[in-house]
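Down below is the structure, laid out as structure tokens.
The values are calculated or read from the model by the stated rules, or taken from the named source; none is laboratory data. What you see is a predicted model, and the numbers here were worked out from it, not measured in a lab. Neighbour counts run over all protein chains shown; Cβ positions are idealised from the backbone, glycine included.
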Amino acid sequence: MFDLGPRHREIQQLARSVAERVEEFADEADAAVEVHEGVAEVLRDSGLARQVVPAAYGGESDVLDPLAIAVVREALMYTSAHLDSLFGMQGVGSYSLTVGGTEELKREWLPRVARLEAIAGLALTEPDIGSDLRGVTTTIQATAAGVRVDGRKSFITNGGAADFYCVLGREGEGYSMVLVPADAPGLTVRRGDDLIAPHILGELHFDGVEVPENHRLGVPGKAFSLMLQTLAVFRVTVAGSAVGLAQAALDEALRHARNRKQFGRPLLELGAVSQSLALSWSEVETARAITYRAAALAKSDPLGHLDYSSIAKVSATEAAGRVVDRSVQTMGRFGLVRGSKIERLYRNARPLRIYEGATEVLLDSLARRLAKQRG
Ligand SMILES: Cc1cc2nc3c(=O)[nH]c(=O)nc-3n(C[C@H](O)[C@H](O)[C@H](O)COP(=O)(O)OP(=O)(O)OC[C@H]3O[C@@H](n4cnc5c(N)ncnc54)[C@H](O)[C@@H]3O)c2cc1C
């Protein structure tokens with residue numbers, strides 16, 4: 001059985017203590033569509049964001065450790081999706097800078113990302129392009145003064161709150177990435193749609209935005225793989241978030257089933273209820289095991305183990321959906337009350353199966369890999 005070593009347990013303890021400090025305003029934070037300053041302050045004080053930046057730039061370890069990040073996300077998501085997103089996006093939003101940025105640019109931004117003094121964003125999705133990112137229409141062009149970006153990006157986490165965006169666009173026949181500071185002339189951001197699970201979202205419009213040449217990330221025309229590397233490292237950490245949410249839903253249902261009596265005994269002693277809780281427990285443990293294993297594998301060779309990260313993401317996010325639904329059922333009418341924790345968990349579970357690779361998209365690529373294997 002895969003278990004955490006002493007270093008990861010220490011990180012887990014720290015993350016749990018951060019989550020406990022946020023608990024009292026978690027409801028309010030998870031309703032926010034702007035940065036919740038109370039949550040940001042607790043996260044900043046904890047130093048946890050150092051986990052998503054390499055040591056050379058003020059971070060924790062020489063190479064990012066997806067298992068540490070997944071364990072942190074599990075602990076944070078147990079309490080608050082806003083907290084989890086604020087932490088996770090510092091990594092998702094800055095990783096292409098970490099891997100493909102110039103030394104100067106990394107020194108300018110990464111230490112601030114690690115201290116949560118600068119907020120990061122990753123801009124891939126467009127109004128008409130979601131899963132099929134090879135279809136992006138945003139353009140990136142070399143100019144005499146540097147690099148020019150034109151186009152629209154949609155559903156961007158931290159849109160409007162971020163200090164910079166790592167942007168994917170088309171350049172000639174290939175794809176490039178470029179870092180655009182939020183205050184670059186020509187970049188305008190408007191608030192995004194309101195979701196069932198509130199989230200900081202922005203719609204970005206790049207209208208002749210120019211940045212210096214050293215703001216390029218990766219090799220011009222060949223940066224699609226840079227974007228894939230981000231997904232390879234961080235997809236499995238979304239599985240961590242899903243495990244945390246599922247555990248929280250199970251704990252809510254269990255508490256309720258212990259305390260509420262019907263037919264003269266606690267719900268927990270009614271066969272169907274206890275079976276349902278036991279099934280949820282087994283799904284949470286299974287999801288946790290594959291998540292930790294896939295995250296450990298992703299440290300040495302993230303792209304080489306992308307299949308495992310995808311399997312972990314599908315397993316854990318789908319399990320979270322089932323567990324939270326079962327928990328609502330166990331809680332009967334009390335599971336339907338607006339403003340209750342279980343209602344918040346129910347809503348927060350839903351986006352997990354869509355962002356950073358929708359379940360069907362991941363299953364499609366896993367199926368193609370299976371078909372290529374020799375029988
Ligand atoms: C809360 C939230 C935060 C987000 N943050 C960001 C962000 O920070 N940056 C960013 O760039 N984007 C972000 N996104 C966008 C997200 O990445 C996209 O929603 C996701 O890529 C799916 O694209 P889509 O929603 O356009 O769905 P579509 O691509 O239109 O797909 C719809 C459905 O069709 C099915 N489907 C699609 N393709 C296939 C396939 N090949 N095989 C089988 N089935 C398929 C799936 O069921 C899928 O759910 C965010 C989204 C959400 C909900």
Yes or no: the stretch 181-193 includes at least one residue that is outside the structural domain of A70 (by TED's automatic domain parsing), free of Cβ contacts under 8 Å to residues at least 24 places away in the same chain, of a type in the set (S, T, N, Q) and within 20 Å of G159 (Cβ to Cβ).
yes
Where the second residue is of a type in the set (A, V, I, L, M) and not in a helix (DSSP H, G or I) and the first is assigned by TED's automatic domain parsing to the domain that holds G240 and lies in the stretch 269-296, which pairs have Cβ atoms under 9 Å and are six or more apart or on separate chains?
A289/M1; Y292/L4
Test G202 against the criterion of being closer than 29 Å to L83 by Cβ, of a type outside the set (V, I, T), within 15 Å of the ligand (Cβ to nearest atom) and touching a residue at least 24 places away in the same chain (Cβ under 8 Å), and give yes or no.
yes
Applying the selection to the stretch 139-177, what residues are among the small types (G, A, S) and over 28 Å from P351 (Cα atoms)?
A142, A144, A145, G146, G172, G174
In this structure, does F234 turn out to be farther than 30 Å from E343 by Cβ and within 15 Å of the ligand (Cβ to nearest atom)?
no
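Specify the residue that is nearest to the ligand (Cβ to nearest atom); the eligible residues are those in the stretch 98-120 that are over 15 Å from the mean Cα position of the chain (by Cα) and closer than 23 Å to G240 by Cα. Give the derivation first.
First pass over the stretch 98-120, keeping only residues over 15 Å from the mean Cα position of the chain (by Cα): 98-118.
Next cut, closer than 23 Å to G240 by Cα only: 98-99, 113-116.
Working: T98: 17, V99: 17, V113: 15, A114: 19, R115: 21, L116: 17 Å.
Among those that are over 15 Å from the mean Cα position of the chain (by Cα) and closer than 23 Å to G240 by Cα, it is V113.
Can you go through R265, R235 and tell me which one is basic (K, R) and surrounded by fewer than 14 Cβ atoms within 10 Å (Cβ to Cβ)? Can you show your working first?
Values: R235 fails: surrounded by fewer than 14 Cβ atoms within 10 Å (Cβ to Cβ).
Residue meeting the stated conditions: R265.
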What tally of residues in the stretch 319-353 results from selecting those that are farther than 19 Å from G244 by Cα and in a loop (DSSP other than H, G, I, E, B)?
4
Would you please name the residue that is farthest from the ligand (Cβ to nearest atom), looking only at residues in the stretch 344-375 that are surrounded by 17 or more Cβ atoms within 10 Å (Cβ to Cβ) and of a type in the set (D, E, K, R)?
R344
For residues that are in contact (Cβ under 8 Å) with a residue 60 or more places away in the chain, more than 12 Å from the ligand (Cβ to nearest atom) and surrounded by fewer than 22 Cβ atoms within 10 Å (Cβ to Cβ), tally how many sit in the stretch 121-153.
5
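Check every one of the helices (runs of 4 or more DSSP H) wholly within the stretch 33-110 and list those with 2 or more residues that are in contact with a Lys or Arg (Cβ under 7 Å, 6 or more places away or on another chain) and within 17 Å of L231 (Cα to Cα).
Working: elements: 37-46, 66-79, 81-100.
Because the criterion is at least 2 residues that are in contact with a Lys or Arg (Cβ under 7 Å, 6 or more places away or on another chain) and within 17 Å of L231 (Cα to Cα), the helices (runs of 4 or more DSSP H) in the stretch 33-110 that meet it are 66-79, 81-100.
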Residue selected from the stretch 222-243 under the condition in contact with a Ser or Thr (Cβ under 6 Å, 6 or more places away or on another chain) and among the small types (G, A, S), by the criterion nearest to T137 (Cα to Cα):
A223
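Would you point out the residue of the stretch 37-86, among those that are among the acidic types (D, E) and crowded, with 24+ Cβ neighbours inside 10 Å, that is nearest to V236 (Cα to Cα)? Steps first, answer last, please.
If we filter the stretch 37-86 for residues that are among the acidic types (D, E), which is where we start, we get 37, 41, 45, 60, 62, 65, 74, 84.
After this cut, where a residue has to be crowded, with 24+ Cβ neighbours inside 10 Å as well, the list is 74, 84.
Values: E74: 11, D84: 14 Å.
In this case the residue turns out to be E74.
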Condition first: in contact with a Ser or Thr (Cβ under 9 Å, 6 or more places away or on another chain) and among the β-branched types (V, I, T). Now tell me which residues in the stretch 271-317 satisfy that.
V273, T286, I290, T291, V314, T317
Just the residues that are buried (at least 23 other Cβ atoms within 10 Å of the Cβ) and more than 12 Å from the ligand (Cβ to nearest atom), please, taken from the stretch 154-168.
F164
Considering only the stretch 5-27, I want to know if a residue exists there that is among the polar types (S, T, N, Q), touching a helix residue (DSSP H, G or I) at 6+ places or on another chain (Cβ under 6 Å) and either under 17 Å from V71 (Cβ atoms) or crowded, with 16+ Cβ neighbours inside 10 Å (or both).
yes
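Across the stretch 51-94, what is the number of residues that are touching an Asp or Glu at 6+ places or on another chain (Cβ under 7 Å) and closer than 18 Å to V22 by Cβ? Break it down stepwise before answering.
Taking the stretch 51-94 and keeping what is touching an Asp or Glu at 6+ places or on another chain (Cβ under 7 Å), we get 51, 54-55, 73, 76-77, 79-82.
Still in the running and closer than 18 Å to V22 by Cβ: 51, 73, 76-77, 79-82.
Count: 8.
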